[in-house]
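Single-structure report; data block below.
The values are calculated or read from the model by the stated rules, or taken from the named source; none is laboratory data. Predicted, not measured: the structure shown is a model, and the values here were computed from it. Heads up, the Cβs are rebuilt from the backbone with ideal geometry, glycines too, and the neighbour counts pull from every protein chain shown.
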Amino acid sequence: MHSDKIMDIIVIFHSMGIADTKDDSMKKMIADYMEGGFLDNIIDMFRHDKSLYSYVGDLMKDERMRVRIGTTALIETLSDEDRGNVVMKAIPPILPLLKDQNPVVRGDAAYLLGIIGDAITVPFLEELKHDEDSNVRKISEEAITDIKSKSQ
């Protein structure tokens, strides 16, 4: 029921020409729905509109914990079912987060890259081996190990 409503909203946004990947109102709607517990609906939206992956970086920096946790669950789910490596579209908006001032954001970004599992991100993750925060160092090392195990 809610999924149909969200898909209707996407269609309306596209028809109005305001579903641009830089559109703040779409990003806000996704974050608000995620905070409201409609993760399954958001997952459906991402399945149907690949341009939404450009929002992942901003969603990971959202001040609301449910949004950040939901974004992680989103990437985990889509990564598990990804047959065309579409989830790799999330890599460009995640990479800048590895240099964020907040160690939680850096750690979360490293974790997401580990879930996505593309070897192209290993050099960026290796830079975090010398991070000032021990949790970030540990998460980045685990992400590298996960990526390397997926590559074999």
Do we have any residue at all in segment 100-116 that's surrounded by 21 or more Cβ atoms within 10 Å (Cβ to Cβ), part of a helix (DSSP H, G or I), within 13 Å of the chain's Cα centre (by Cα) and not assigned by TED's automatic domain parsing to the domain that holds residue 148? no
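A quick yes/no check of all residues on (1) modelled with pLDDT under 90; (2) part of a helix (DSSP H, G or I):
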residue: 6; (1), (2): yes, yes
residue: 21; (1), (2): yes, no
residue: 30; (1), (2): no, yes
residue: 33; (1), (2): no, yes
residue: 52; (1), (2): no, yes
residue: 66; (1), (2): no, yes
residue: 93; (1), (2): no, yes
Suppose we keep only residues that are crowded, with 16+ Cβ neighbours inside 10 Å and touching a Pro at 6+ places or on another chain (Cβ under 8 Å) within segment 122-144. Which one would you say is farthest from residue 109 (Cα to Cα)? 131
I'm trying to understand the selection: among the residues of segment 44-57, which are surrounded by 19 or more Cβ atoms within 10 Å (Cβ to Cβ) and touching a Leu at 6+ places or on another chain (Cβ under 8 Å)? 45, 46, 56, 57
Single residue of 121, 77, 72 found to be touching a residue at least 40 places away in the same chain (Cβ under 8 Å) and of a type in the set (S, T, N, Q): 72
Please tell me if residue 132 is part of a helix (DSSP H, G or I), at pLDDT 95 or above and out of contact with any Gly (no Cβ under 6 Å at 6 or more places or on another chain). no
